[in-house]
Amino acid sequence: MKVKWSGGKLERPSLVEVNKMSRKKTNQAVRRKLRVRRKLRLSGKPRLSVFRSSRFIYAQIVDDSRNHTLAEANSLKAVRAGKLEKGGGMEAATFVGQEIATTAKEAGVESVVFDRGSYRYHGRVKALADAARKAGLSF
């Protein structure tokens, strides 16, 4: 946001300018997500899709050829079940990574491609991926 000085008075950006900026950020995130997903669909393998919010982290394995979810795990269920204290931290991401790997093995899935969405491969997203790899899921 640009803040301007004019005549000794501070001018804040208008609501229209603020909306343009937030729309631009949203559009950039959507473009990143679609660019990543377009590359992954060429492999033909199920994809491990990650969604993170500030409070919880979710993972699911999706077969795009049938539009079917093969396995899912999230920290919301773990917090409600008392397995985790907080659902949004690194420990939660590690837990969800282990859970998605065990659920995938039960569903007969051994190999996937990792779909980070619009998120950087860093922090909680990386912790989830590392835990899933360590639990036996290959990607």
Can you confirm whether GLU85 is modelled with pLDDT of 95 or more and among the charged types (D, E, K, R)? no
If you take the residues in region 19-47 that are assigned to a helix (DSSP H, G or I) and hydrophobic (A, V, I, L, M, F, W, C), which one is farthest from SER65 (Cα to Cα)? MET21
Among what's in region 1-37 and is among the small types (Gly, Ala, Ser) and at pLDDT 70 or above, pick the residue that is surrounded by the fewest Cβ atoms within 10 Å (Cβ to Cβ). SER22
Checked region 73-91 for anything over 13 Å from the mean Cα position of the chain (by Cα) and in contact (Cβ under 8 Å) with a residue 12 or more places away in the chain; matches are LEU76, ALA78, VAL79, LYS83, GLY87, GLY89, MET90
Output the residues belonging to region 51-71 that are within 22 Å of LYS105 (Cα to Cα) and under 13 Å from the mean Cα position of the chain (by Cα). PHE51, ILE57, TYR58, ALA59, GLN60, ILE61
Can you go through LEU48, LEU40 and tell me which one is within 20 Å of ARG133 (Cβ to Cβ), modelled with pLDDT under 90 and under 19 Å from the mean Cα position of the chain (by Cα)? LEU40
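The values are calculated or read from the model by the stated rules, or taken from the named source; none is laboratory data. Here the structure is a predicted model, which means the values were calculated and not measured. When we count neighbours, we look across all protein chains shown, and the Cβ atoms used for this are built from the backbone with ideal geometry, even at glycine.
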